[in-house]
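Everything on this sheet refers to the single structure shown next.
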Amino acid sequence: MKFTFGGVEYEGQEGETLAAALVRNGVLGGFRSLYRGRPRGVYSAGEEEPNALVQIGSQPLQRATLVPVEDGLVAEPLAGKGRLVGPDSTRYDTMHAHCDVLIVGAGSAGRGVAAPARGRVLLVDGMLEGVEITLGRTWVVGLYPGNYALAVERGRRLWRIRARHVVLATGAIERPPVFPDNDVPGVMLAGAAARYGDPVGVTPVSAGWSPRVHLWSQAGGALRWDDRIGAPVPDGQLSGVACVGRLTGEGLPDAPPFTLPGGDEDAMFVDLERDATVADIRRAIGAGLRSVEHVKRYTSIGTGSEQGKLANVNAIRVAAELLGVHPGELGTTTFRPPYVPVSFAVFAGRNRGRLFDPVRVTPIHPWHVAHGAVFENVGLWHRPRYYPRQGESMDDAVLRECASARGRVAMMDVTTLGKIDVQGPDAVEFLNRIYTNAYDTLAVGMCRYGLICRADGTVLDDGVVMRVAEERFLCTTTTGNAGPVLAWMEEWLQTEWPDLRVWLTSVTEQWATVAVVGPDSRAHLAALTEIPLDADSFPFMAVRQGEVAGIPARVCRVSFSGELAFEVNVDGRRGLDLWARIYAAGEITPYGTETMHVLRAEKGYPIIGQETDGTVTPQDLGMGWIVSTAKRDFVGLRSFSRSDNARPDRKQLVGLLPERRVDEGAQLVPGPGHVTSSYMSAALGGPFALALLARGRERIGETVQADGVAAEVVGSVVYDKEGARRDGRPA
Amino acid sequence: MLLVRCPWCGERDEVEFSYGGQAQVAYPADPAAAGEEDWSQYLFVRDNPKGLFRERWVHTHGCRRWFELERDTR
């Protein structure tokens, strides 16, 4: 087979690595060091290789000692880390494994443990493969508490392994001696040279062996310095983790005594990948550094992509020699995952592109797509933001949609609102404790706007609570908060009030909801339903059951725009059908979240999470009216009288009428304060904003600067302050 | 990754759970009677020991039940 290295073609053999093929072809150099540009060549035969880094196709930072040679392989030498080239078409994946025994290293010690082991046994090796090896060419890169291991198979597949017992049989790495020009091409670790067949021109070197203590240390195992082998070895016990073979130091030869030879210390390389020398360590110590952690950071020894596999023990020995102390007194630098470099793509696995995040869409989604909606992400939901007509910008479309909702009739898919079914004999008591207002006074067939606070009095969420039956309610939440609000309710029910007989169920996806909004909404719906819609028979905040467009429906008279509006709820599977029939029943404008935001902001309705940030109380929002004074207690009540929540200089929600549109997030001067929402208003014929402003309500009528734009402070309701439009077009 | 023992489901990976802070910090029986200092302690002040710590966890991606466990933070 043929392969190319640095533009030259060579002959490769089946089963050998790129490094082995280069050495066999007489290529002992071919590489350059990162900082000093010194000629370098293959130095080792494993993952500790500091010199022979190559780029292969799109993949940088490949070690020639680990890459199997293949026909047509094209490798370019790298100095340093290289770069990703072009799109990466490699497929990555993740696997989970549970086993009784995980054995890391398939040398003689590892195989010796695997042979008699019972139960589910995983034998893993980074270099080797073969029938008796469960996962070949698979590096265990991290070992964590609880015997949780991360392994990477062939650079492509991540294994998440939970093992009852871990046996480390990771062996030892040969240590290079430190002498002048110990980095020149041809100088090679003795074990590697032997592996490559002791080729002509190679100078084999060795200064003993250092056990691969990395995983043991990562998992929390202690180390002690072993004078006989001149390196740290595992010490003490670790629950569920055992060390065998040469990792323990057993079977390793005695290390030759360590002395610094004379000569040019600036050519005595300690970390070849980092071009760091004995002279650098001497400089670090001369600067007053004593800890190996500090020496590491000063010299950058051990910070290359091979992470000091060759360098670190030598660095300790050199530093100890220069300081005149025993190397055991210096300890080691901290061993952290990953043991070998892992590409981010491996961790991403299949969770890329379309699969990066789950996507939630409503049953009406196909209609929105077919009608050219522009979508925005709200949590995992894809919601229509606006429906541009030919040539319309977003601002054009939103002004048109707003004008329709305020002037005629418009419709919106509000299916994504969270819905929680609350039932049980104690449901009223439960809601009374969770919400700031009272629910014992809510009649069956009516609904009520509600606010949920945290115990510290800040606003958590808002929504509408509908009393479906004596002991059954339907609570809506904001779109992004459906999960957290259900979890919040469950937490209080389970941990503080287990005596309450209440059951909570998420029914968000069981219902599809269409809001029909505007002064002509009554007339539009009247063509589709027998339910009497006049204001007397169907008052504000009432709920009616019946059929809409022939579909069984629950209709609520609620409004998030200030206009006359009906929200039609049907079985989720009939949602698209309902939407299409309402759309076909006469001229009506579909609108998206952007128009919804403008309409609600004109009325001063806050969006929890936009106007609020976790420090905002109902009083700050000017919503003291929704805080019950009759209830003995509810979550948040006690905190309203905390001195901090009674501070007169708190930020309060106000409206702004700026000279031109300002950015959301703009700081207000004099403040403190900031813009929370900012839009163009079709109804006002100009820009407006909502803001949190210190002492805001006292400052109505003043002028503030928002990023240099003058703005008049006004009340938070900038349109229809009297609420005259709630029942339809004012007479 | 921690291995967490749910009393209902058994041992599962930490990612299935959510953390709920120190255990046995009960909501005061009569909040209205709590002084400013006591109430602030309840809201904001928690132990942070090096060693055994009794905590609340919830099996969010499992049975959704809250439970207590003891964790060694060392």
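The values are calculated or read from the model by the stated rules, or taken from the named source; none is laboratory data. Keep in mind the model is a prediction, meaning the values are calculated, not measured. No Cβ is skipped: glycine too gets one built from the backbone with ideal geometry, and neighbour counts run over all protein chains shown. Accessible surface areas use protein heavy atoms only, side chains included; no ligands, DNA or RNA. Shrake-Rupley method; radii C 1.70, N 1.55, O 1.52, S 1.80 Å.
Observations, loosely collected:
- Cross-link pairs beyond the 30 Å C-alpha cut-off, checked among A:LYS419/A:LYS603; A:LYS603/A:LYS651; A:LYS81/A:LYS296; A:LYS2/A:LYS309: A:LYS2/A:LYS309
- Ratio Rg/Rh, restricted to the range A:557-627 and using Cα atoms, in which Rh is the Kirkwood radius: 1.08
- For the pair the range A:665-731 and the range A:140-201, the centres of their Cα atoms are 65 angstrom apart.
- Over all distinct Cα-Cα pairs of the range A:670-731, the Kirkwood formula returns a hydrodynamic radius of 13.1 Å.
- Separation between Cα centres of the range A:399-466 and the range A:482-497, rounded to whole Å: 17
- A convex hull fitted to the Cα coordinates of the range A:621-721 yields 113 cubic angstrom per residue.
- At an R0 of 60 angstrom, the distance between the Cβ atoms of A:ALA194 and B:ARG71 translates into a FRET efficiency of 0.75.
- Cα extents of the range A:176-241 along the three principal axes, largest first (Å): 48, 23, 19
- Cα-centre dipole for chain A with unit charges at Cβ (Lys and Arg positive, Asp and Glu negative), debye to 20: 380
- About its Cα centre, the range A:325-410 has a charge dipole of approximately 340 debye under the convention of +1 per Lys or Arg Cβ and -1 per Asp or Glu Cβ, with nothing else charged.
- For A:GLY686, nonlocal amide neighbours, meaning residues 5 or more places apart or on other chains whose placed amide H falls under 5 Å from its own, are A:SER681.
- Cα pair distances in the range A:501-603, grouped into 5 Å bins until the bin that holds the longest one, percent each: 2, 12, 22, 24, 20, 12, 5, 2, 1, 0
- Kirkwood hydrodynamic radius of the range A:53-96, Cα pairs, Å: 11.6
- Its Kirkwood hydrodynamic radius, worked out from the mean inverse distance over all distinct Cα pairs, puts the protein assembly as shown at 32.0 Å.
- Spatial extent of chain B: Rg and Dmax, with the Cα atoms as the point set, Å: 14.7, 43
- For the range A:418-506, dividing the convex hull volume of the Cα atoms by the residue count gives 79 Å³ per residue.
- Rounded accessible area of A:TYR605 (nearest 10 Å², 1.4 Å probe): 70
- Spatially, the range A:577-618 and the range A:270-322 are offset by 62 Å when compared through their Cα centroids.
- Charge context of A:GLY424, other residues only, Cβ under 15 angstrom, K/R +1, D/E -1: -4
- Shielding by other protein chains, A:454-465, mean Cβ within 10 Å: 1
- Take every DSSP beta bridge whose two residues both sit in chain A; close to 80 percent of them are antiparallel.
- By the compact-protein rule of thumb, 2.2 N^0.38 Å, the alpha-carbon radius of gyration of the range A:612-653 corresponds to a ratio of 1.14.
- Rule-of-thumb Rg ratio for the range A:1-124 [Cα; 2.2 N^0.38 Å; N residues]: 1.30
- Accessible-area value, A:TRP209, 1.4 Å probe, nucleic acids and ligands omitted, Å²: 60
- Surrounding net charge for A:TYR386, when Lys and Arg each add one and Asp and Glu each subtract one, Cβ distance under 13 Å: -3
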